[in-house]
Amino acid sequence: MISSKIGHALDPVILGIYRFFFKDKVVNPNILTICGVPFGFAASACIAFDYMMTGGILLAISGFFDLMDGAVARNANRVTKFGGFLDSVLDRYVDLLIMLGVFIHFLRHGDSFYSIIVFIAAVGTAIIPYAKARAEAASLGCNTGILERPERLVIVFVGLCFNVLEYAFIILAVLTHVTVIQRIVFVKRNS
């Protein structure tokens, strides 16, 4: 939803930050994609062991690399099918590792109810891109739905940084599956 509204309007800002660090050097966008992953892993570990604010900051850095790789690829005319594939696969790892960190956090605190909520949200998080991929395999573009990746990351970030993780994951547990249903309905109507 954010992606469809904003599109690539943030590219100039992202490229400005990129140029601040890298000047005129063109870094391979796939390298930028890979660079975001360790921040996602570190965010997961921080969340699991109750360093929520640090986890939120690391998640934001990981997300920024995810924005930067695409902006650099478009700007340098280096958009490739492999780059899109790599980005998508590594995004899934980061998404699910963040879910694992939150799951462990709740387990460590003996909160089985919210551990189950996180698992339900993780299933929805995994199915959303799968539904899109299956639709695209059937030659249907499928960017529909209320909760794409940027929205999910914002919800997790807010949950981490404002100590409302339980509410954030209830929202995710519901809206990820609403998004899957929206994609199923979209494909049904357009096939």
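The values are calculated or read from the model by the stated rules, or taken from the named source; none is laboratory data. Bear in mind the structure is a predicted one, so any value in this text is a computation, not a measurement. Cβ: placed from backbone, ideal geometry, glycine included. Neighbour counts: every protein chain shown. Side chains are part of the model used for accessible areas, which takes the heavy atoms of the whole protein and leaves out ligands, DNA and RNA. Shrake-Rupley method; radii C 1.70, N 1.55, O 1.52, S 1.80 Å.
Overview of results
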item: Residue list for segment 41-87, filter: in contact (Cβ under 8 Å) with a residue 12 or more places away in the chain and either basic (Lys, Arg) or touching an Asp or Glu at 6+ places or on another chain (Cβ under 8 Å) (or both); result: ASP66, ASP69, GLY70, ALA71, ARG74, ASN75, ARG78, GLY83, ASP87
item: Meets criteria (of a type outside the set (D, E, K, R), closer than 25 Å to VAL118 by Cα and surrounded by 16 or more Cβ atoms within 10 Å (Cβ to Cβ)) for ALA42; result: yes
item: In segment 19-71, the residues that are at pLDDT below 95 and of a type in the set (Val, Ile, Thr); result: VAL26, VAL27
item: Any hit, segment 181-189, residues being assigned to a helix (DSSP H, G or I), basic (Lys, Arg) and loosely packed, with under 15 Cβ neighbours inside 10 Å; result: yes
item: Of the criteria (1) open to solvent by 60 Å² or more (accessible area, probe 1.4 Å); (2) assigned to a helix (DSSP H, G or I), which one LEU58 fails; result: (1)
item: In segment 94-128, the residues that are in contact (Cβ under 8 Å) with a residue 12 or more places away in the chain, open to solvent by 30 Å² or more (accessible area, probe 1.4 Å) and not hydrophobic (A, V, I, L, M, F, W, C); result: ARG108, TYR114
item: Given (1) over 30 Å from GLY141 (Cα atoms); (2) modelled with pLDDT of 95 or more; (3) of a type outside the set (A, V, I, L, M); (4) out of contact with any Cys (no Cβ under 9 Å at 6 or more places or on another chain), number of the condition PHE82 does not satisfy; result: (1)
item: Meets criteria (assigned to a helix (DSSP H, G or I) and in contact with a helix residue (DSSP H, G or I) (Cβ under 6 Å, 6 or more places away or on another chain)) for VAL123; result: no
item: Scan of segment 72-100 for residues that are among the hydrophobic types (A, V, I, L, M, F, W, C) and outside any helix (DSSP H, G or I), ordered by number; result: ALA76, VAL79
item: Selection from segment 134-147 of residues that are under 16 Å from the mean Cα position of the chain (by Cα) and open to solvent by 50 Å² or more (accessible area, probe 1.4 Å); result: ASN143, ILE146
item: Subset tally (residues that are farther than 18 Å from PHE22 by Cα and crowded, with 17+ Cβ neighbours inside 10 Å) for segment 61-83; result: 2
item: Failed condition for VAL180, given (1) of a type in the set (Val, Ile, Thr); (2) within 19 Å of ILE47 (Cβ to Cβ); (3) in contact (Cβ under 8 Å) with a residue 24 or more places away in the chain; result: (2)
